[in-house]
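A short worksheet on the structure shown next.
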Amino acid sequence: MSETDREAIQVPARTSAGVLLIVTAMLWFCLEAIAASRFRPPYSYAHNYISDLGVPEPGTFEGRAMDSPLSALANFMFFSQGILFLVAAILLTRAVAPSPARRAFLLLAVGYAIGFTLIATFHGSEQAAADGTGKLHVLGGAIAALSGNAALIVAGSYLRKLRRYRAYGVFTVIAGVVGILSLVLLMIDRSSTSINLLPDGTWERGGCYPILIWEFLTGVLLLLAARRRTAA
C-alpha cells in the first residue's frame, strides 16, 4: 500500500477504531454492573472473579457461592470484548506502515480474542472442574490477559518512538506492565497460604482493567485526532 493510499484510509480507519474502542470498554463496564446486580449472594468486585458472572449453573467453587441469572449477558460481554478489540486492532494497523510492531500487535489482538472466546465458552465452576473443561477456561484467561497486556506494551513501545505520542506511549507501556504485574501477584497470592496481599478479585481486575481504561482513552484520543485532522 502506497503512502497516498494509507493517508486516504487513516482518518476513517482511526475514527472507526476509536468508536469501537469506546464502545468496547463501555459495553464491558455496563454489562458487568448489570450482571453483578443480579448475582447472589451479593457480588464482590474485590473478592469474586470476573468470570464468576458467566457461570450458568448455581453452585460453589473454590469457596465462592455463585448464582448468576444473567450469565449469558456476562458471557456475551467476554466474547464481544475480544472480538471488538480485534476488529479495532485491524482498523488501527491498516493505518500504520508495515513493521514488526504492527504484526506483533495484530497477533496479540488475535490471541486476546481467542482467550475471551474460551472464557465465554468454558466456565470456572465445580461442574467444569469435574468434566475437565475448567482447564480451557483457565487457559483462555491466561491467553487473554497476557495477550492484551502485551499488546499494550507493544503499542506503547511503538508510540514512544514518535515524538508527538511519546507521553501516551509511556502511559500505554505502564498500563500493560501494571496488568502483567497484577497477574503475577494474583498467582503468588493463590499459590501461597502465608501471603495474602489483596483479594483475588482485586488482583484480577488489576490485570484486566488497565486494558479497558486504555481502550476508552485511546478511543477518545483517536476521535479527537480525527476531528482535528478533518478540520485542518
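None of 132, 141 is open to solvent by 20 Å² or more (accessible area, probe 1.4 Å) and at positive phi except 132. For segment 45-68, the set of residues classified as within 19 Å of residue 120 (Cβ to Cβ) and in contact (Cβ under 8 Å) with a residue 60 or more places away in the chain consists of 48, 49, 50, 51, 52, 54, 55, 56, 57, 59, 61, listed by residue number.
Just to be sure, is residue 201 open to solvent by less than 20 Å² (accessible area, probe 1.4 Å) and in contact (Cβ under 8 Å) with a residue 40 or more places away in the chain? Criteria met by residue 201. Scanning segment 91-115 for residues that are under 13 Å from the mean Cα position of the chain (by Cα) and either at pLDDT below 95 or surrounded by fewer than 20 Cβ atoms within 10 Å (Cβ to Cβ) (or both) yields 110, 111, 114.
If you go through segment 75-94 one residue at a time, do you hit one that is within 18 Å of residue 126 (Cα to Cα), out of contact with any Leu (no Cβ under 6 Å at 6 or more places or on another chain), of a type outside the set (Lys, Arg) and not in a loop (DSSP other than H, G, I, E, B)? Within segment 75-94, one or more residues are within 18 Å of residue 126 (Cα to Cα), out of contact with any Leu (no Cβ under 6 Å at 6 or more places or on another chain), of a type outside the set (Lys, Arg) and not in a loop (DSSP other than H, G, I, E, B).
Residue-wise test of (1) among the hydrophobic types (A, V, I, L, M, F, W, C); (2) farther than 25 Å from residue 176 by Cα.
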site	(1), (2)
26	yes, no
29	yes, no
63	no, yes
71	no, yes
79	yes, no
87	yes, no
98	no, no
120	yes, no
125	no, yes
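Among the criteria (1) farther than 29 Å from residue 191 by Cα; (2) at pLDDT 95 or above, the one residue 42 does not fulfil is (1). Within this structure, residue 147 fails the test of being surrounded by fewer than 18 Cβ atoms within 10 Å (Cβ to Cβ), polar (S, T, N, Q), out of contact with any Pro (no Cβ under 9 Å at 6 or more places or on another chain) and at pLDDT 95 or above. Looking at 171, 122, just one residue is under 21 Å from residue 48 (Cβ atoms) and of a type outside the set (D, E, K, R), and that residue is 122. Just one of the numbered conditions (1) open to solvent by less than 10 Å² (accessible area, probe 1.4 Å); (2) within 21 Å of residue 22 (Cα to Cα); (3) in contact with a Lys or Arg (Cβ under 9 Å, 6 or more places away or on another chain) is not true of residue 88: (3). What residue, of 141, 132, 176, is within 12 Å of the chain's Cα centre (by Cα) and under 23 Å from residue 54 (Cβ atoms)? The unique qualifying residue is 141. Considering only residues in segment 63-74 that are touching a helix residue (DSSP H, G or I) at 6+ places or on another chain (Cβ under 8 Å), outside any loop (DSSP other than H, G, I, E, B) and of a type in the set (A, V, I, L, M), the one that is surrounded by the fewest Cβ atoms within 10 Å (Cβ to Cβ) turns out to be 73. Contact annotation: residue pairs with Cβ atoms under 6 Å, 6 or more positions apart or on different chains, pairing a residue in segment 28-44 that is in a helix (DSSP H, G or I) with a partner that is open to solvent by 10 Å² or more (accessible area, probe 1.4 Å), are 31/73; 35/70; 35/73; 36/43. Remark: residue 207 falls outside the filter, which requires a residue to be within 23 Å of the chain's Cα centre (by Cα), buried (at least 17 other Cβ atoms within 10 Å of the Cβ) and farther than 29 Å from residue 14 by Cβ.
Each row is one residue, and each column tells you yes or no for (1) in contact (Cβ under 8 Å) with a residue 60 or more places away in the chain; (2) touching a Phe, Trp or Tyr at 6+ places or on another chain (Cβ under 6 Å).
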position: 70; (1), (2): no, no
position: 73; (1), (2): no, no
position: 82; (1), (2): yes, yes
position: 92; (1), (2): yes, no
position: 99; (1), (2): no, no
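The values are calculated or read from the model by the stated rules, or taken from the named source; none is laboratory data. Everything numeric here is computed off the predicted structure, so don't read it as measured data. Glycine gets a Cβ as well: all are built from the backbone with ideal geometry, and neighbour counts include every protein chain shown. For accessibility, only protein heavy atoms count, side chains too; no ligands or nucleic acids. Shrake-Rupley method; radii C 1.70, N 1.55, O 1.52, S 1.80 Å.
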